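Encoded as structure tokens, the structure appears first; notes follow it.
The values are calculated or read from the model by the stated rules, or taken from the named source; none is laboratory data. Being a predicted model, the structure only gives us computed values, none of them experimental. For neighbour counting, all protein chains shown are included, and Cβ atoms are generated from backbone atoms with ideal geometry for every residue, glycine included. Surface areas here come from the heavy atoms of the whole protein model, side chains and all, with no ligands, DNA or RNA. Shrake-Rupley method; radii C 1.70, N 1.55, O 1.52, S 1.80 Å.
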Amino acid sequence: LYPMKRFFFSLEKLLDLRSFREKETELALGKAVSYRDGLQLELDEVARKRVSSGRDRRGALPIADLLAIDRYIARLDNERDVLLEKIAEAELLLEKARADYIKANRERQVLSKLKEKKTAQWKKESLQDEAEVLDDIVNFKSRDV
């Protein structure tokens, strides 16, 4: 018997490149999610401080303390506004990263499916070739008998 030819996918290097690109975009997506979540945590902390400071104002305090609390609340409000802008920008970056990942994933999947089809076709042809060889052997032996 002769050895069967090995499977060869001519677009293997392109598939590897697309897999690498998909992993890169997946990492970028993870970083974008992490950045946005970090900003959201900061915003939550500012809101918690704001609520706490609002409670501090309720008691009978000297005017200087009330003014200090008011200035602190104003600073927290400014911080909140800045964080909200950063979160909006982070959401845009996140959507772009998500779109890049989806595109890279699709491009890789196209080649993966093509490779699967080519592999299945190769297996089918290999089995047919093997069956033909076995038939030839059987026919050859039956002629000798």
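For the pair residue 119 and residue 26, what calculated FRET efficiency results from E = 1/(1 + (r/R0)^6), where r is the Cβ-Cβ distance and R0 = 22 Å, to the nearest 0.05? Display every interim value, and only then the final one.
Details: r = 25 Å, r/R0 = 1.13.
With a Förster radius of 22 Å, E is 0.30.
Considering the options 126, 99, 52, tell which one lies farthest towards the positive end of the dipole of the range 47-134, charges being +1 on Lys and Arg and -1 on Asp and Glu at the Cβ, about the Cα centre.
It is 52, whose Cα lies furthest towards the positive end.
Helix 12-56 versus the longest principal axis of the chain: what angle, 0 to 90°, nearest 10, using Cα atoms?
20
Just to confirm, what accessible area per residue do you get for the chain at 1.4 Å probe, in whole Å²? Walk me through the intermediate numbers first.
Numbers: 11370 Å² over 145 residues.
That works out to 78 Å² per residue.
Given springs between every Cα pair under 10 Å in a Gaussian network model of the chain, which of 48, 98, 80 has the largest fluctuation?
Among 48, 98, 80, the largest GNM mean-square fluctuation belongs to 48.
Rounded to a whole number, what % of the accessible area of the range 50-145 do carbon and sulfur atoms account for, probe 1.4 Å?
Numbers: 4120 of 7450 Å².
Summing carbon and sulfur atoms, their accessible area is 55 percent of the total for the range 50-145.
Can you tell me which of 66, 84, 41 moves the most in a GNM of the chain? Springs connect C-alpha atoms under 10 Å apart.
Comparing 66, 84, 41 in the GNM, the peak value goes to 66.
Of 13/118; 5/117; 5/124; 31/113, which ones are farther than 22 Å apart at the Cα?
Details: 13/118 15 Å; 5/117 17 Å; 5/124 13 Å; 31/113 29 Å.
In this structure, 31/113 exceed 22 Å between Cα atoms.
Helix 63-144 versus the longest principal axis of the chain: what angle, 0 to 90°, nearest 10, using Cα atoms?
Tilt of helix 63-144: around 10 degrees.
In percent, how large is the relative contact order of the chain, given Cα pairs closer than 8 Å and 6 or more residues apart?
Values: 64 pairs, mean separation 61.9, N = 145.
Here the relative contact order equals 43 percent.
Convex hull volume of the Cα atoms in the chain, per residue, in Å³?
Convex hull of Cα atoms, per residue: 126 Å³.
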